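Below: one structure, written as structure tokens.
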Amino acid sequence: MDKLLITGGNRLEGDVRISGAKNSALPLLAATLLASTPITLSNVPHLQDVTTLIQLLGRMGVTVSINEKCDVEVNANTLSTPIAPYELVKTMRASIFVLGPLLARFGEAQVSLPGGCAIGSRPVDQHLKGLAALGAEITVEKGYVHARRHGRLQGARFVFDMVTVGGTENVLMAAALAEGRTILENAAREPEIVDLANMLTAMGAKIEGAGTDTIIIDGVESLSGCHYSVCPDRIETGSYLAAAAMTGGRVRATHTDPKPLDAVLLKFLEMGAKVQTGPDWIEVDMEGRRPRSVSFRTVAHPGFPTDMQAQFMAILAVAEGTGTIMETIFENRFMHVPELNRMGAGIQVDGHLAVVRGVEKLSGAPVMATDLRASMSLVLAALAAEGDTLIDRIYHIDRGYERVEEKLAQLGAKIRRVSNRGGA
Ligand code: EPZ
């Protein structure tokens, strides 16, 4: 199992090129199942989760190829079996995104229930309720969701019990091929939903209101292929900008989009960073200063994103003052805390609240990653810590950050991947 060895203390400086968004590429890849003719996706990040979903499509008989420009070309007409097996779904819960498209396009689907993950139980009840509202017959047996439709799905008005990104995406994809009008209320507003709606529209769907809490879809008979480019990854962007805040440095994220990051950029300003933005770049410059502590609560978009919570906790760990973090989205998303405290951080947790008393310096230590964003939090802490930090189980970070050690080394970090097989 690979590890990352980081020697802290360097100020990070320079430009980092942001990849396509993992949390957009995954639903977009699932949405290719809806197209009656081949579809091409560009700017797809090269990540383990994306590879797993491409494997899943292939396992179902879908033809997937990668062209010379690393675009992903998908032809769903060769689909032979609408079954998403447990052994693939258990490794990547976003496989549940194929449920809506398989049902809408092919009339049935058997998708293993994803089960929970480290950060929470993450049920999919809203996905199933929404599809049932469109007329699907849903049963759950032996750990699999069986979905069927008799005739076309029927448009309906559906109110989500709580704001769910994946639930909104799954039902939106199914509604695109339903008969008549679907109105989704209390829908999630994340930018990845807008990206999905934009691609579906390019395929011929009729969608209004994506990015607001009410989405209106007028179903069409069929959707055709298109060439679509995945939006930039706002969480990868925020994570590398956080590296500047941690180390008193200056990082400019390029090929990205500042618009979805207002809540995060305001926090960088509040901690004393100089923030500049352009149409497709963002620069955070700490000018050598130590960040001032801030407080925040994670909420649905456009509020402060839960996917940036662990990274900002690392900044608060070395900030001047004491800050509080309230995690309102997931029930168990503080697993980076014990590891940060082993590096000398002063963090106390009480339920969904963390109180972070900033310390002058963290000290390097052997630590273990527990989930995707927690692993980035440990990397950030290691960049600012005195001495060496060896991070174990970094397969977590490879799920969501493309070429992480390469991008950090380009910014001046002393970082290398070591494998148990010895050597670099
Ligand atoms: C997406 O997960 C993202 N993943 C997550 O990013 C992100 O943290 C999350 O949205 C919130 O922004 C992808 O897009 C692949 P939810 P998702 O449904 O769709 C509860 C990362 O680090 N809920 O919005 O699974 C759920 O338990 C990952 O990149 C139900 O109760 O999140 C959670 O508490 C982590 N029933 C809350 O809603 C449901 O049917 C929000 O979950 C669905 C969700």
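Read-outs: derived from the displayed coordinates by stated rules, not from any lab. Because the structure is predicted, anything quoted here is derived from the model rather than measured. Note that each Cβ is placed from the backbone with ideal geometry, even for glycine, and that neighbours are counted across all protein chains shown.
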Gyration tensor on Cα atoms of the chain, a ≥ b ≥ c root eigenvalues, a/c under 1.5 rounded, else prolate if a/b beats b/c, else oblate, says prolate
Taking every other residue with Cβ under 9 Å from the Cβ of Thr182 and scoring Lys and Arg +1, Asp and Glu -1, one gets +1
Under the 7 Å Cα-to-Cβ spin-label approximation, Gln55 and Asn332 lie apart by a distance in nanometres of 2.4 nm
Taking the chain and counting helices only, DSSP H stretches of n ≥ 4 at -39,500 (n - 2.57) each over all residues, the nearest-500 ellipticity at 222 nm comes to -8500 deg cm²/dmol
Gyration tensor on Cα atoms of the stretch 159-214, a ≥ b ≥ c root eigenvalues, a/c under 1.5 rounded, else prolate if a/b beats b/c, else oblate, says oblate
The farthest towards the positive end of the charge dipole of the stretch 95-152, of the residues Pro101, Ile138, Gly116, given +1 on Cβ of Lys and Arg and -1 on Cβ of Asp and Glu, is Pro101
Taking a straight Cα-to-Cα line shorter than 17 Å from Lys22, and setting aside same-chain lysines fewer than 8 residues away, one finds Lys407
Taking 0.36 nm per residue of separation between Asp280 and Asp71 and subtracting their Cα-Cα distance, the length gained on full extension comes to 73.1 nm
Hits in the stretch 78-93: amide N under 17 Å from the 7 Å Cα→Cβ extension of Lys142, namely 82-90
The aspartates and glutamates whose Cα lies under 17 Å from the Cα of Lys69, excluding any fewer than 8 residues away in the same chain, are Glu402
Rounded to the nearest Å, the spacing of the alpha-carbon centers of the stretch 370-424 and the stretch 205-279 is 23 Å
With +1 on the Cβ of every Lys and Arg and -1 on the Cβ of every Asp and Glu, the dipole magnitude of the chain about its Cα centre, in debye rounded to the nearest 20, is 540 debye
At q = 0.10, 0.18 Å⁻¹, the log10 of I(q)/I(0) for the stretch 234-376 from a Debye sum over equal Cα scatterers comes to -0.30, -1.01
Sorted on mean Cβ neighbours within 10 Å (highest first), peptides 327-334, 92-99, 23-30 come out as 23-30, 92-99, 327-334
Residues whose modelled amide H sits under 5 Å from the amide H of Gly346, counting only those 5 or more places away in sequence or on another chain, are Arg357, Val359
Gyration tensor on Cα atoms of the stretch 6-121, a ≥ b ≥ c root eigenvalues, a/c under 1.5 rounded, else prolate if a/b beats b/c, else oblate, says oblate
